[in-house]
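So the structure is just underneath, and the comments pick up after that.
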């Protein structure tokens, strides 16, 4: 699938986007086209969420499997009731507390929502992004905007407009370039159609913050093969966010995990592989003599910085043409759970747990 012309790029001020630029992008949306735009999490690939043909263009442009649903983005709470059928009271409580922001709610969908948006399920995933460009675009378009991450399917998510163009040049009509995104990992997804409610995908709102309003919330990591049945949430497939080179995560107590990562890197380099490491700042000195290309994530004690750097660092290692990538387990507290989740999927489940032996 290609567009009729090369992708047009309009640079916008992320805090005060030019109304003329927003109007041009909104016209593309209303005409059934595709617009990539920044949110506070990652760049989204947007289309009219109420137009099945436009939604189908998203799947085609990304090479996205039809069993992977897409989030509908809204600009006001009235649009929630347009999409969701009898949203429970807790949905409005969560919306008032976390919206605009990186939280997606899975609710029962109204007939107006195209079946392909929801991968054929009777639910719809909805969120209100906290980015001036995204909110202005949705408001100007006058319709909810369907938007998964603006990258080819299973690739690292885009946190800059250049990342979008690397993957989708000629496949999207317009890119609004609002600079790098702030959070760097996608939204948290909570399914309110089941009892107890479940966190389907950890993201920008930490599990602990959600539990403060939803004490019964559960999270059990569950990843689907590409041939699995329709997913309940975007981003549940095991192969997701994956760089070109195979990635392995080393889990366990820091000293032991770091020692194993060193040993693996040295062995792989000795076998003739170009090794890449996603490195926490505090590990750099310990890895200084390891023959590997280092992409620094930031201190593990600063998960906000690590999350913001994660996908860009994966793409940095790709540009360095590494053959293999290693990373130490970031832990699972707070925002680290979302980082851990993305790394598990980028690794396609390849995890070496040094606490459990060989």
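Rule-based calculations on the coordinates, nothing more; no lab input. Since we're looking at a predicted model, the values are computed, not measured. Virtual Cβ from ideal backbone geometry, glycine too; neighbours counted across all protein chains shown.
Roughly what would the spin-label model give for residue 139 and residue 122, points 7 Å off Cα along C-beta, in nm?
It works out to 3.6 nm between the two label points.
Mind checking the full-extension length gain between residue 269 and residue 194? Use 0.36 nm per residue of separation minus the Cα-Cα distance, one decimal, nm.
Taking 0.36 nm per residue and subtracting the Cα distance, the gain is 22.2 nm.
What is the list of residues in region 192-213 whose amide nitrogen lies under 17 Å from a point 7 angstrom out from the Cα of residue 85, following Cα to Cβ?
Output list for this probe position: 192-194.
Starting from the 7 Å offset along Cα-to-Cβ, what nm value, one decimal, do you get for the label separation of residue 319 and residue 78?
Computed distance between label sites residue 319 and residue 78 equals 4.4 nm.
State the label only: which of (i) 5, 22, 32, 27, 12, 2, 0; (ii) 5, 22, 29, 22, 14, 7, 1, 0; (iii) 6, 26, 33, 23, 10, 2, 0 corresponds to P(r) over Cα pairs in 10 Å bins from 0, in percent computed from the shown model?
Evaluating P(r) over Cα pairs in 10 Å bins from 0, in percent on these atoms matches (iii).
Give, in nm to one decimal, the length gained when the segment between residue 332 and residue 304 is fully stretched (0.36 nm per residue of separation minus the Cα-Cα distance).
Difference between extended and current length: 8.8 nm.
Please work out the FRET efficiency for the pair residue 285 and residue 92, using the Cβ-Cβ distance as r and a Förster radius of 45 Å; give the result to the nearest 0.05.
Calculated value: 0.35.
For residue 115 and residue 355, FRET efficiency with R0 = 56 Å and r from the beta-carbon atoms, rounded to 0.05?
Once the sixth-power term is evaluated, E becomes 0.80.
Which FRET efficiency value, to the nearest 0.05, do you get for residue 15 and residue 209 by plugging their Cβ-Cβ distance into 1/(1 + (r/R0)^6) with R0 = 25 Å?
0.50
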